[in-house]
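Okay, so here's the structure we're looking at.
The values are calculated or read from the model by the stated rules, or taken from the named source; none is laboratory data. Note that the structure is predicted; figures quoted are calculated from it, not measured. Ideal geometry is used to build each Cβ from the backbone, glycine not excepted, and the neighbour counts take in all protein chains shown.
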Amino acid sequence: MAALPIASLLQTPSSLLSFLPSPNPNPNAFWSSLPQGKNRPISVAVVRRRHPPAPFPARCSSGHSEHEYEGVSHQRPQEIPWSKDLANSVHLIGIVGSPVQIKHLNSGKALAWTRLGVKKSASETTWINLTFWDELAHVAFQHVEKGRQVHVSGRLVSDVVEGDDEKRQVFYKVVVQQLNFIERSYSTVSLYEPETRSVDSGTKFGSYVGNSSGSTEKLWQAFFANPMDWWDNRKNKRNPKYPDFKHKDTGEALWIDAMNNPHWVKSQLAILDSRMSSLHQANGMSPAVSFMYDGDFTPF
């Protein structure tokens, strides 16, 4: 019995069209189209069909490959309405670094504030300014103690001020919306790295604070964010080396003429002094009173 001839696939577009599948293929048409002959050698070419496109192009996250591959399709994130409570919201756990202070404004609102120490590492703590309003201000003032570990959630807000060179400086605070105590399952003393080493000698503290311009700038930012937390010693310095400003709780010190001060310190002091003077005159207070909050100066 003679062997059946092998199909010859000619590599030309016109010849390939006759072998493509159709909606109603006729198998006899294929064999009848083959060249006739007995044991005729026929060349065979294989046409590789490309895979269908992947559901979505996926690239190597490292950027080393531009090849697309077939990946798994993940669900699209949901859309939610914009909410003021969610905008710039943050959650923090830390140690309260100073007693909560409170002030009742002429508008009838209550404002309280403190500082929260959040550990960045075993030996480094970041200090975050906190503010509380109205009922939560009273709750914080009555129940929150210095050295207590707390959880707060709220909005991260900023206040922008301009220096002499018109460069803007940004100060950040968290306006607390929720306050919780952390259970005393372990000692919080080891977590508390307060800036509370009160040093009476201005020279000694000056060398402690002035190790870097970055730490000094952070202190000035803390000063302008909460000026009433600091004693103003400019008019009653015990000696020329005594600090111009000293924190009432932590003992941190600042000097106006320090070499590593930010360039914007004096211009911002002038603005602060002007506003505080106006506040004192309006309330019939002595200008010698230590810094208090001004409604216009409060960043929030």
Exercise. Do we find a residue being modelled with pLDDT of 75 or more, outside the structural domain of residue 119 (by TED's automatic domain parsing), over 27 Å from the mean Cα position of the chain (by Cα) and surrounded by 20 or more Cβ atoms within 10 Å (Cβ to Cβ) anywhere in the range 213-226?
Worked result: no
Exercise. How do the strands (runs of 3 or more DSSP E) wholly within the range 68-142 filter down when requiring 1 or more residues that are within 16 Å of residue 228 (Cα to Cα) and at pLDDT below 95: which remain?
Worked result: 101-104, 110-121, 124-133
Problem set entry | Odd one out for residue 239 among (1) over 22 Å from residue 98 (Cβ atoms); (2) buried (at least 18 other Cβ atoms within 10 Å of the Cβ); (3) polar (S, T, N, Q) | (2)
Exercise. Out of the range 116-153, which residues are surrounded by 13 or more Cβ atoms within 10 Å (Cβ to Cβ) and on the phi > 0 side of the Ramachandran plot?
Worked result: 147
For this session: Could you run through the range 219-248 and say how many residues are part of a loop (DSSP other than H, G, I, E, B) and touching a Leu at 6+ places or on another chain (Cβ under 9 Å)?
Result: 2
